[in-house]
Amino acid sequence: MHPIAWLALAIGTEVAATTALKLSDGFRQLGWAAVVVVGYGISFYALSVSLRTIPLGLVYAVWSGVGTAAIVLIGWGLFREILDGVKLAGIGLIIIGVVMLNGAGGNSSQ
């Protein structure tokens, strides 16, 4: 599988696990708690595989940035959390930061 596909899998499973963390109600809902544990396990494995070829700084910036932005949007859409201008600006800054990191040496040797 392509390294970017591994990174996408890492992001998707991390976002699913974080959403399940909210739904687990402090790990009182065992089904959701199981999704948390399995999701984070898959996410970290996929993240480690993507790190074989993609530089650490870029992988972590994309994984954490996209995950954070996705969770903010899920919080707004699924849990009715407030999405104000400050949060939207933060998402914009995450995108700018990832683009800057990618442009500033995303292809460094290992």
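The values are calculated or read from the model by the stated rules, or taken from the named source; none is laboratory data. Remember, it's a predicted structure, so these values are computed and weren't measured experimentally. So basically every Cβ, Gly included, is an ideal-geometry build from the backbone, and we count neighbours across all protein chains shown. For accessibility, only protein heavy atoms count, side chains too; no ligands or nucleic acids. Shrake-Rupley method; radii C 1.70, N 1.55, O 1.52, S 1.80 Å.
Inspect all residues belonging to region 46-61 and state whether any of them is among the aromatic types (Phe, Trp, Tyr) and at pLDDT below 95. Yes, because at least one residue in region 46-61 is among the aromatic types (Phe, Trp, Tyr) and at pLDDT below 95. Screening Ser48 with (1) outside any helix (DSSP H, G or I); (2) without any contact (Cβ under 8 Å) to a residue 40 or more places away in the chain gives one miss only, at (1).
Restricting to region 42-75, count the residues that are hydroxyl-bearing (Ser, Thr, Tyr), over 24 Å from Gly103 (Cβ atoms) and open to solvent by less than 40 Å² (accessible area, probe 1.4 Å).
Here the count works out to 1.
Taken over region 8-41, residues that are buried (at least 17 other Cβ atoms within 10 Å of the Cβ) and of a type outside the set (S, T, N, Q) amount to 17. Does Ile96 qualify as being modelled with pLDDT under 95, surrounded by fewer than 17 Cβ atoms within 10 Å (Cβ to Cβ) and of a type outside the set (Ser, Thr, Tyr)? When the stated conditions are applied, Ile96 passes them.
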